[in-house]
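**Q** Questions regarding the structure given below will be posed in turn.
The values are calculated or read from the model by the stated rules, or taken from the named source; none is laboratory data. Quick caveat: nothing in here was measured; it's all calculated off a predicted structure. All Cβ positions, even for glycine, are placed from backbone atoms using ideal geometry, and neighbour counts span all protein chains on display. Accessible surface is based on the protein model in full, side chains and every heavy atom, while ligands, DNA and RNA are left aside. Shrake-Rupley method; radii C 1.70, N 1.55, O 1.52, S 1.80 Å.
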Amino acid sequence: MDGGLDMMSGLEKIRGRFLDLLVTRQQSIAHHAVLAYESHTLDEVNGNLAAARDILHQIAGTAGSLGFDDLGNAARMCENEIVAHLNGPDNDLALCPDALLVQIDDFVEQCKGMLH
Amino acid sequence: MRILAVDDDPIILELLTQFVAAIGEHELTTAESGAEALDILKTPGCAPFECFMLDIQMPQMDGVELLTRIRDIARYADTPVLMVTAMSDKRYIDAAFKAGATDYVTKPFEVNELRVRVGMVEKITQTRQLRTKKIFAAKTAAAVPQTLELHEPLSVYDVDNVIDFIAMENYVAQLSRNALFGSTAFGFSVRDVEGFHQALNAFEFSGLISDVAEVISDTLAGHQFLMSYGGDGTFVCVTESGWRPDTERLMDDVNLALSRMEMFNNDGQPLEPRVSVGSAVRMIWKSGSAVMDALGEAHSSAKAAAEKYERNRHDFWLTEQRA
């Protein structure tokens, strides 16, 4: 019984830490997405998309364990879209597709909604 | 158990700390990068770890590279390693098994999944401790220990694409989990392996198995495969990407390479192992326990082929003598 309570209280603390981190993480994702969209060189576009992907990967990896399943699934979908673009036929173009930016924007909005 | 967990995400490390505390009496150490983990392992006086949990996707040094570096440390050559990864990382998972992973846990994970995986690691650790005790006991009883049972799977080190039998079972299990059934299983079995096992001590027999493994691995080079020694002189191979092996031709190629290889026992007597091959078992449309059964079928089919070869050879000479 005590073990179960310890577990609940421990997970609650981690959940709090996750949400604290989510504030900066969603800002970083938005920052990298905008930079990718506005950049004109391949390295900058793909580099910023890769940076956004890595943060999404971290969110997707833990959100589900903490009870934020929808957020985790949305992060995973965004991550997969970026991976598909970076491995796809347009990966040699200095271009961040509009649809990808919209999807990332939706995710950032979802984060903001949760944080409020 | 002493466990070292490595992940660049602090939240994962906190979750692991919480979950591991909930599933038993374990001591967890954490590191946020491969470099930090290696520093911990190299710390003088650091008590050995009995299990590793490594995130696959990490910046700078990823989990597969870290695993390779850990395997290079003699003390950790066969310590169980659980990779922690996302569902979508199939190619990374394959690379991890090739590098020597024992199994993997998918993110996001739950405490029950972790309990099952860590429980499996505990069983492996206990079995190995028992085997080590038997070896020490045998060393005091006789000059040349014969502690290796014929049916016992053994670890083959430093041969490309050869993994532990337990890891192979876990690898095949993840094929079914991910619905990737375009695979084929088949096996090679050393002919008259009982004769070799009786004539050789444990060290020599282990060396013979490693040499045969190397020849099979070299023969299959260029194809996508993993193989494992499952005991009884039998190796099981699992291929992917729809490749259907011409098993008879492969057997000839392996035996040709074995005939060119010079092998000796400790007394300098030549050893001339040859293998038989079993049926190729397609894993497509199989799932769950049927996939594991396919592994067993490949193993028993190869063993039966080797026994049949020996029986036919024996019957042939009996017929000749009667004539």
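**Q** Could you calculate the contour length gain from B:Gln224 to B:Ala257, that is, 0.36 nm times the residue separation minus the distance between their Cα atoms, to one decimal place in nm? Walk me through the numbers on the way to the answer.
**A** Details: separation 33, 0.36 × 33 = 11.88 nm, distance 2.02 nm.
Answer, rounded to one decimal: 9.9 nm.
**Q** Would you mind working out the magnitude of the charge dipole of chain B relative to its Cα centre, with +1 at each Lys and Arg C-beta and -1 at each Asp and Glu C-beta, to the nearest 20 Debye?
**A** My answer is approximately 660 debye.
**Q** Right, next: State, to one decimal in nm, how far the label point of B:Ala199 lies from the label point of A:Arg17, with both points 7 Å from Cα in the Cβ direction.
**A** 6.0
**Q** Calculate the dipole size of the protein assembly as shown relative to its Cα centre from +1 charges on Lys and Arg beta carbons and -1 charges on Asp and Glu beta carbons; express the result in debye to the nearest 20. Let's see the in-between values first.
**A** Details: 37 positive and 66 negative charges, 259 e Å.
Dipole about the Cα centre, nearest 20: 1240 debye.
**Q** Same structure, new question: Just to confirm a number: summing +1 for Lys and Arg and -1 for Asp and Glu over residues other than A:Ser65 whose beta-carbon lies under 15 angstrom from that of A:Ser65, what do you get?
**A** Computed value for this residue: -2.
**Q** Let me ask something else about it. Calculate how steeply helix A:2-38 sits against the longest principal axis of the alpha-carbon atoms of chain A, using the helix alpha-carbon long axis, and give the answer as 0 to 90 degrees to the nearest 10.
**A** The answer is roughly 10 degrees.
**Q** For peptide A:59-67, what's the mean number of Cβ atoms from other chains within 10 Å of each residue's Cβ? All intermediate terms of the calculation are to be shown ahead of the outcome.
**A** Working: counts 2, 5, 14, 10, 3, 5, 13, 3, 1.
Average per residue, whole number: 6.
**Q** Of all the C-alpha pairs in the range B:14-73, what % are more than 17 Å from each other?
**A** Values: 747 of 1770 pairs.
Taking all Cα-Cα pairs of the range B:14-73, the fraction more than 17 Å apart is 42 percent.
**Q** Averaged across the residues of B:47-60, what count of C-beta atoms belonging to other chains lies within 10 Å of each residue's C-beta?
**A** Details: counts 0, 0, 0, 0, 0, 0, 0, 0, 2, 0, 5, 1, 1, 0.
Rounded to a whole number, the mean comes out at 1.
**Q** Name the residues of the range B:94-126, by number, that are at least 40 Å² less accessible with every protein chain in place than in the isolated chain; the surface is that of heavy atoms, probe 1.4 Å, without ligands or nucleic acids.
**A** Buried by 40 Å² or more upon assembly, which counts only protein chains, are B:Lys107, B:Pro108.
**Q** Continuing with the same structure: Under the definition of partner shielding as Cβ atoms of other protein chains within 10 Å of a residue Cβ, what is the mean value for peptide A:75-84? Display every interim value, and only then the final one.
**A** On the way: counts 0, 5, 0, 0, 2, 2, 0, 0, 1, 0.
Other-chain Cβ atoms within 10 Å of each residue's Cβ, averaged: 1.
**Q** On a 0 to 90 degree scale, rounded to 10, what angle separates helix A:69-87 from the longest Cα axis of chain A?
**A** 20
**Q** Which residues in the range A:70-97 have a backbone N closer than 16 Å to a point placed 7 Å from the Cα of B:Asn112 along the Cα-to-Cβ line?
**A** Correct set: none at all.
**Q** Run the accessible area of the range B:1-147 with a 1.4 Å probe and give the carbon-and-sulfur part as a rounded percent. Don't skip to the end; give the middle numbers.
**A** Values: 3660 of 6710 Å².
The C+S portion of the solvent-accessible surface of the range B:1-147 is 55 percent.
**Q** Oh, and also: Can you give the extra length, in nm with one decimal, that the chain gains between B:His26 and B:Lys90 once fully stretched, where that is 0.36 nm per residue apart less the Cα-Cα distance? Please list the in-between numbers first.
**A** Numbers: separation 64, 0.36 × 64 = 23.04 nm, distance 2.93 nm.
Difference between extended and current length: 20.1 nm.
**Q** As an exercise, find the ratio Rg/Rh for the protein assembly as shown from alpha-carbon atoms, using the Kirkwood inverse-distance average for Rh.
**A** Details: Rg = 25.6 Å, Rh = 24.5 Å.
Looking at the protein assembly as shown, the ratio lands at 1.05.
**Q** Mind checking how much accessible area A and B bury in total, 1.4 Å probe, in Å² rounded to 100?
**A** 1600
**Q** Where the eigenvalues come from the Cα gyration tensor of the range B:150-323, what are the semi-axes √(5λ) of the equivalent ellipsoid, largest first, in whole Å? Intermediate results must be reported in sequence, preceding the final value.
**A** On the way: eigenvalues 159, 70, 42 Å².
Gyration-tensor ellipsoid for the range B:150-323: 28, 19, 15 Å.
**Q** Turning to a different aspect of this structure: Which whole number in µm²/s is D for chain B by Stokes-Einstein, with the Kirkwood Rh taken over Cα pairs at 20 °C and 1.002 mPa s?
**A** Values: Rh = 21.2 Å.
Approximately 101 µm²/s, per Stokes-Einstein.
**Q** In addition: Of A:Lys13/B:Lys98; A:Lys13/A:Lys112; B:Lys98/B:Lys308; A:Lys13/B:Lys123, which pairs sit farther than 28 Å apart, going by alpha carbon to alpha carbon?
**A** Values: A:Lys13/B:Lys98 37 Å; A:Lys13/A:Lys112 20 Å; B:Lys98/B:Lys308 32 Å; A:Lys13/B:Lys123 32 Å.
Over 28 Å apart, Cα to Cα: A:Lys13/B:Lys98; B:Lys98/B:Lys308; A:Lys13/B:Lys123.
**Q** Next up: Given 0.36 nm per residue, what is the gain on full extension from B:Ser289 to B:Trp243 after removing their alpha carbon distance, in nm? Provide the component values of the computation, followed by the final result.
**A** Working: separation 46, 0.36 × 46 = 16.56 nm, distance 2.25 nm.
Full extension of this stretch gives 14.3 nm more.
**Q** Got a sec? Which residues in the range B:89-124 would a label at B:Thr68 touch, if it sits 7 Å along Cα→Cβ and we count backbone N under 15 Å?
**A** Under 15 Å, as judged by backbone N against the label point of B:Thr68, lie B:92-101 of the range B:89-124.
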